[in-house]
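Worksheet: one structure, shown below.
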Amino acid sequence: MFSKKEEKKLRSELGKKNVQLCKEAVKEMEELYADLTAAYKDIDTVAEEFLQFMADINPRINENDIAKMKGFAQKLSKVDKCARDAVRDVRDVLRNQKKRLKETQREA
């Protein structure tokens, strides 16, 4: 009987500690997501702006430079896609962590 009480108390303490750690993780992830989203909003239109710039100066530059700029535009588009995917993935991880926190709180 004595060990049952200790076991119950230990489980309760572990549950509280687990909830606390989950809350801290969610808080840090929310900050990361906010920072990442703000940074992405700042650069969201860079690829489009570069393509517009390229279209504006195409008549004034030679074919070799146009080919280089097109290559750069493709790379810039890939970077944009990676950044967009990173924002989406961090959002998904944050959502999943919040679900885990709620489950942990119910269990504790």
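Dipole magnitude for segment 1-67: about 1260 debye, using +1 per Lys or Arg Cβ and -1 per Asp or Glu Cβ, origin at the Cα centre. Contact order for the chain, expressed relative to its length and based on alpha carbon pairs under 8 Å spaced 6+ residues apart, stands at 57 percent.
Can you pull the percent of Cα pairs in segment 2-107 with separation above 21 Å? Value for segment 2-107: 59 percent of Cα pairs lie more than 21 Å apart.
Rounded to the nearest 0.05, what FRET efficiency do Arg60 and Val93 give with R0 = 35 Å and r taken as the Cβ-Cβ distance? Could you check? Once the sixth-power term is evaluated, E becomes 0.15.
Run the helix sum for the chain: -39,500 (n - 2.57) per DSSP H stretch of 4+ residues, divided by residue count, reported at 222 nm to the nearest 500 deg cm²/dmol.
Numbers: 3 runs with 99 residues, N = 108.
Using -39500 (n - 2.57) per qualifying helix, the result is -33500 deg cm²/dmol.
The angle between the Cα long axis of helix 2-43 and the main principal axis of the chain comes to about 10°, on a 0 to 90 degree scale.
Qualifying GluC sites (Glu not before Pro) in segment 18-59, where qualification requires a DSSP coil assignment and no more than 12 other C-beta atoms within 10 Å, are lacking entirely. Extension gain for the segment Lys75 to Glu24, taken as residue separation times 0.36 nm less the Cα-Cα distance, is 14.7 nm to one decimal. Computed from the Cβ-Cβ distance with R0 of 30 Å, the FRET efficiency linking Asp44 to Glu13 stands at 0.05.
Taken together, the values in this text are just the output of simple stated rules run on the coordinates, not laboratory data. Given the structure is predicted, the values throughout are model-derived calculations rather than measurements. Using ideal geometry, Cβ is built from the backbone for each residue, glycine included, and neighbour counts are taken over all protein chains shown.
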